[in-house]
1. Among Leu378, Leu341, Leu63, determine the one that fluctuates most according to a GNM of the chain built with springs between C-alpha atoms less than 10 Å apart.
2. May I ask you to sort Phe50, Phe411, Phe369 by Cβ crowding, counting other Cβ atoms within 10 Å and putting the fewest first?
3. Please find the FRET efficiency linking Trp235 to Leu63, where r is the Cβ-Cβ separation and R0 is fixed at 60 Å, and quote it to the nearest 0.05.
4. All other residues with a Cβ under 12 Å from the Cβ of Phe369 taken together, and with Lys, Arg as +1 and Asp, Glu as -1, what is their net charge?
5. Are there chymotrypsin sites (Phe, Trp or Tyr not before Pro) in segment 58-119 that DSSP marks as loop and that have at most 13 other Cβ atoms within 10 Å, and which are they?
6. Please list the equivalent ellipsoid semi-axes of segment 77-213, computed as the square roots of five times the alpha-carbon gyration tensor eigenvalues, in descending order and whole angstrom.
7. Kindly provide the trypsin sites (Lys or Arg not before Pro) of segment 382-425 that DSSP labels as loop, not H, G, I, E or B, and whose Cβ sees at most 13 other Cβ atoms within 10 Å.
8. Using label points projected 7 Å from each Cα along Cα→Cβ, tell me how many nm separate Thr318 and Val127, to one decimal.
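Taken together, the values in this text are just the output of simple stated rules run on the coordinates, not laboratory data. Please read these numbers as outputs of a predicted model, since none were measured by experiment. Cβ sites come from the backbone with ideal geometry, for glycine too, and all protein chains shown count toward neighbours.
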Amino acid sequence: MSTVLRRARRCPLSAETLDRPASATTPAPARRVPRWRASLHRAAPALGLFAAARLTGMLVLALWAWHVGRSPRALLATSWDSDWYLRIAAHGYGRTLYWPDGAVQSDLAFFPLYPGLVRAVTTVLPVAYGTAGLLLSWLSAGAAAWGIYVLTERLCGRRTAVLTVLLWGLLPHSIVLSMAYTEPLMTAFAAWSLYALLTRRWLWAGTLAALAGLSRPNGIAVAAAVLVAAGLELWRRYGRGDRPLRAGRRSGAEPPVGTGLRLWAGALLAPLGWLSYLLWVGARRGDLLGGYFAVQDGWTSRFDLGRGALRFVRGMVTGPTELGYVMALLITAAGVLLFALLLGGERPPLPVLAYTAVLLLITVGGSGFFESKPRFLLPAFPLLLPLARAMTRARPGAAIVVIAGLAGLSFAYAPYVLTLARMAL
């Protein structure tokens, strides 16, 4: 692994990444077909590898589940938080559990877009809620993989993009991408919103960020990326003498009419999904600004800059613990290391860096459910860029070893965490 990382080189990124039109990297024959179809054609190898990785992981899980007398569908559709989402889809909000240790678990902790979409699917198709949840997650995972590909291809080239998608599908906790969970949906919105930012589609970026904010609490990271990109664009226009506009005139191109209005609209839209749900929960709980955070506190989830996580780690070191907690610690530490490599070596565009930093900060700085931290990092796919970039520069044998090792770990960890572990996912 160290040999692979030492061979890493920077992605060919610069400020011009935000200015280059999407068609600039498209071969001339592809311009005769719709751009989305050409993009999907380029992404086909990556999507095929991603599908193969996830289908293999589900097959291994299914074989183990049948061996121990469990239902693979039930494990994927109703484990842990999946059951909460499906209950919301079927009955709406209003469920609260009270535990002897003082924990108060209200379903208001779960954001509404995914269960709303599950209910919509059951209205259109004659399927059960669990099946609808799985179909939605699988489609979202595919859309996310496509978005990760087009974004990474723009930043680092095709080979790195293919490897990034494959690595994302082979993470130890990637079984979540095949479950009735919200991470695939949020990642799809995040990847395409970031791509929209790089191609200056401000309304698309803001709308997708708003939808990401309705999907998960850490969806606010997408809004942060949009706001950073908008602020950077405004600074470049007005703080540096309107540089992009002058450059456009020198090249004979005029800035699109209404660009400034679309920029402001996208920036205003971006946080609306997240804020609207927080305010709705606050109004329902009688505390407009603090109601949602009180709900999270009932789940023992709060942001304390990592103090609670450090106490948990100290307990792990001094006493007996489960494999899942050790894996959570190792994966989170790997995320911090990869972020340092991303920051120091790859230097992605500032919006991509902001998105990743906010996700990592929320994960590391939050307390409660330490075992879920790897899942919280699943949408932070830019963390894989340093490893994917290093693998493109390494010998094929080294890359194959990394992929095989990750595949073995991923395929073995899923049965453990869903059938043997006594902790939440």
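1. Leu63
2. Ordered from fewest to most neighbouring Cβ atoms within 10 Å, Phe50, Phe411, Phe369 come out as Phe369, Phe411, Phe50.
3. 0.65
4. Surrounding charge for Phe369 is +1.
5. The qualifying sites: there are none.
6. Working through the eigenvalues yields semi-axes of 30, 16, 15 Å.
7. Within segment 382-425, the qualifying trypsin sites (Lys or Arg not before Pro) (loop, at most 13 other Cβ atoms within 10 Å) are Arg422.
8. 4.9
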